[in-house]
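Contents: one structure, followed by commentary.
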Amino acid sequence: MSEAVLTRQQASDAVTGHGWRFVLGSLCTAVEVSSLAQAAEVASLAVAAAGPGAERRLLLDLRGDRVLLTVQVPGAMRVTGRETELAVRVSAALTAAGHPTDAAGGSPRAVQLLEIAIDALDIAAVRPFWLAVLGYAAVDDDPGAAVVDPYGQGPTVWFQQMDRPRTQRNRIHLDISVPHDEADRRVAAAVAAGGRVVYDKEAPAFRVLADPEGNEACVTTWLGRD
């Protein structure tokens, strides 16, 4: 298995047609189930197909109506051939057992990953507070690095450097990372619901939207980032 880091295009191409989507440095999919017992069955099949050594690369979230699966390099937002091969292997095993992977999870909405971004003048000063109040963990020793939930229950929190104080503007916003071909539909739905596009010069990598009172969120994809 190759340990070379794949470009975003390569990662997306490698899992296209296998029921997975590349989102924010991770491979994501879902399997519809009818009960928690069936969810446990799907999880068992996925773990067996993943093989030894996959404990920290394959993440499973079991629900009564679906199993959400994520494959990623532990502690890093990147994908190598090892992860794409693992995802394809898991899909093959689940499909053969009558549980096909489907990145849409049986609904109109595709898979997505959520992050919270905090604007700060002194990231090193505010980051310890968020680590403590959220009970989160540091990914590495970089005082400006993102912080994560060690139990995988909450979204990643990252810090955006400000160059000067800003008033009358929210300083915490949500980043919604979606599959590259889901972004236009999501943005259109947000605008139709009363929002507006604030900034789109970096599209399709990201677009900044605002609600009717100016609170912002970014719809992001991997396109345009390599």
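Observations on the model:
- Filter result (closer than 22 Å to Ala43 by Cα, outside any strand (DSSP E or B) and under 13 Å from the mean Cα position of the chain (by Cα)) within the stretch 9-24: Trp20
- Residue in the stretch 135-180 that is nearest to Gln112 (Cα to Cα), counting only those that are in contact (Cβ under 8 Å) with a residue 60 or more places away in the chain and surrounded by fewer than 14 Cβ atoms within 10 Å (Cβ to Cβ): Gly152
- Qualifying positions in the stretch 190-222 - open to solvent by 50 Å² or more (accessible area, probe 1.4 Å) and out of contact with any Gly (no Cβ under 8 Å at 6 or more places or on another chain): Val191, Ala192, Ala193, Arg196, Val197, Val198, Tyr199, Asp200, Lys201, Phe206, Glu213, Asn215
- Residue within the stretch 113-130 that is buried (at least 18 other Cβ atoms within 10 Å of the Cβ) and part of a loop (DSSP other than H, G, I, E, B) present: no
- Residue count for the stretch 177-217, restricted to those that are closer than 22 Å to Ala104 by Cβ and among the acidic types (Asp, Glu): 3.
- The condition of being open to solvent by 30 Å² or more (accessible area, probe 1.4 Å) and either in a loop (DSSP other than H, G, I, E, B) or out of contact with any helix residue (DSSP H, G or I) (no Cβ under 7 Å at 6 or more places or on another chain) (or both) holds for Arg78.
- Annotation note: of Leu24, Leu86, the sole residue that is at positive phi, crowded, with 17+ Cβ neighbours inside 10 Å and of a type in the set (A, V, I, L, M) is Leu24.
- The residue that is farthest from Ala110 (Cα to Cα), counting only those in the stretch 31-66 that are among the polar types (S, T, N, Q) and part of a loop (DSSP other than H, G, I, E, B), is Ser35.
The values are calculated or read from the model by the stated rules, or taken from the named source; none is laboratory data. Not measured: the values here are computed from a predicted model. Here the Cβ is made from the backbone with ideal geometry for all residues, glycine too, and neighbour counts use every protein chain on show. The accessibility values were calculated without ligands, DNA or RNA, using every heavy atom of the protein model including side chains. Shrake-Rupley method; radii C 1.70, N 1.55, O 1.52, S 1.80 Å.
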